[in-house]
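S.K.: Please see the structure below; I have some questions.
Please treat every number below as a calculation from the coordinates, not as lab data. Being a predicted model, the structure only gives us computed values, none of them experimental. Positions of Cβ are backbone-derived with ideal geometry, glycine not excepted, and every protein chain shown enters the neighbour counts.
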Amino acid sequence: MLTVLLSILPIFVLILLGLAMRRWNFPGDAFWPLADRAVYFLFFPALLIHNLARGDLGDLDPTGLFGTLLGSILLIAALTFAFRRLLPIDGPAFTSLFQGSVRFNTFVGFGAVVALAGNAGITLYAVVIAVAIPFLNFITVLVMMRHGANAQGATWRDQVLALAKNPLILACLIGILLNVSGIGLPRGIDAIFKTLGDAASPLGLLTVGAALQLDALRRGSGAVAVACLLKLLLYPLAMFGLARLWDLTLLETQVLVLWAMLPTSSASYILARQMGGDAPLMAAIVTATTVGAFITMPILLTLFGL
């Protein structure tokens, strides 16, 4: 376990550094929204295009990979509805519990895959998020529109357009098209995309830390505990079990389980505010799962032999 812990330690050190920088107001509050946009719209898409355009997709078994991925998502979604009956929470609070249980932090995932699976893992991780992002957005918005306090005029057309313009999905599509077409990235262009992509991990992890709200942990202890149970323990257990049933390769299993044990996306807080969720509870779940992942990830990876 020590080897795994040392591998992922830099991820959480950078998250803590981002938290400290935000608390110390360095380099200023105006920096963090701009840094987050730069990672989301420039650095991370460049990384995805670079790795997908150059990656080896020939041995990929989409049936087992996507069957395990989507099956685990639907299982955890169903368990979240089951747990709702045990908690005294209203509709908006349930939407935050749902988001906290199924959504994932892309930037933390990239850092973990880089540390434990290398370039081959990055390519596979890009394929996974290309499928997971639209599917999770679809079911999350469905729950928000049914149980949220309000959707602020959001329609299915709005959501489809938002997905069509999602820079991570577009980057995955571009990278895959460059790969399967045989065009790839010319040497000079390849170096540019690699340089931009190299900035994605450290800056992305700093912004994750800057977005944490430790004060929010005092709210909604029951729902927060259930979200942590589902997201940090039951999700990776379900993913590992289904991966074994599908007889996936070690790399596929490693990437999928890493993805499943990631903390909740900080973007969930924004969606909770936009569509009538319980935003303070959402902030508490994001913070708790991020802190908790530092404990659960090395333990589970060791137990699974990954």
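S.K.: Taking the dipole about the Cα centre of segment 2-304, with the C-beta of Lys and Arg at +1 and of Asp and Glu at -1, give me whichever of A272, V286, G118 is farthest to the positive side.
M.R.: Going by the charge dipole, the pick is A272.
S.K.: Another question, if that's okay. At I295 and L42, where each label point lies 7 Å from the Cα along Cα→Cβ, what is the point-to-point distance in nanometres?
M.R.: Result: 3.9 nm between the two label points.
S.K.: What is the magnitude of the charge dipole of the chain about its Cα centre, with +1 placed on the Cβ of each Lys and Arg, -1 on the Cβ of each Asp and Glu, and no other charges, expressed in debye to the nearest 20?
M.R.: It comes to approximately 580 debye.
S.K.: A further question on this structure: Quick test of the membrane-span-like rule: which DSSP H helices of the chain reach at least 18 Å along their long axis (C-alpha atoms) with mean Kyte hydropathy at least -0.5? Working shown, then result.
M.R.: Details: long enough: 2-23 (31 Å, 2.10); 62-84 (33 Å, 1.54); 106-147 (40 Å, 1.74); 167-181 (21 Å, 2.31); 279-304 (34 Å, 1.86).
Membrane-span-like by this rule: 2-23, 62-84, 106-147, 167-181, 279-304.
S.K.: Let me check against my output: what whole-number percent is the relative contact order of segment 183-290, with C-alpha pairs under 8 Å and at least 6 apart? Write down the numbers at each step before the final one.
M.R.: Working: 86 pairs, mean separation 40.4, N = 108.
Relative contact order comes out at 37 percent.
S.K.: Next up: Pull out the extension gain between L142 and T249, defined as 0.36 nm times the separation in residues minus the alpha carbon to alpha carbon distance; nm, one decimal. Before the final figure, lay out each step's value.
M.R.: Numbers: separation 107, 0.36 × 107 = 38.52 nm, distance 3.31 nm.
Gain in length upon complete extension: 35.2 nm.
S.K.: Given an 8 Å cut-off on Cα distances and at least 6 residues of separation, report the relative contact order of segment 2-304 as a percent. The partial results should precede the final answer.
M.R.: Values: 432 pairs, mean separation 108.0, N = 303.
Over segment 2-304, the number comes to 36 percent.
S.K.: May I have the extent of the alpha carbons of the chain along their three principal axes, as whole Å values ordered from largest to smallest?
M.R.: 56, 49, 47
S.K.: Helix-only mean residue ellipticity at 222 nm, the chain, DSSP H runs n ≥ 4 weighted -39,500 (n - 2.57), per residue, nearest 500. What is it? Let's see the in-between values first.
M.R.: On the way: 15 runs with 231 residues, N = 306.
For the chain, the value works out to -25000 deg cm²/dmol.
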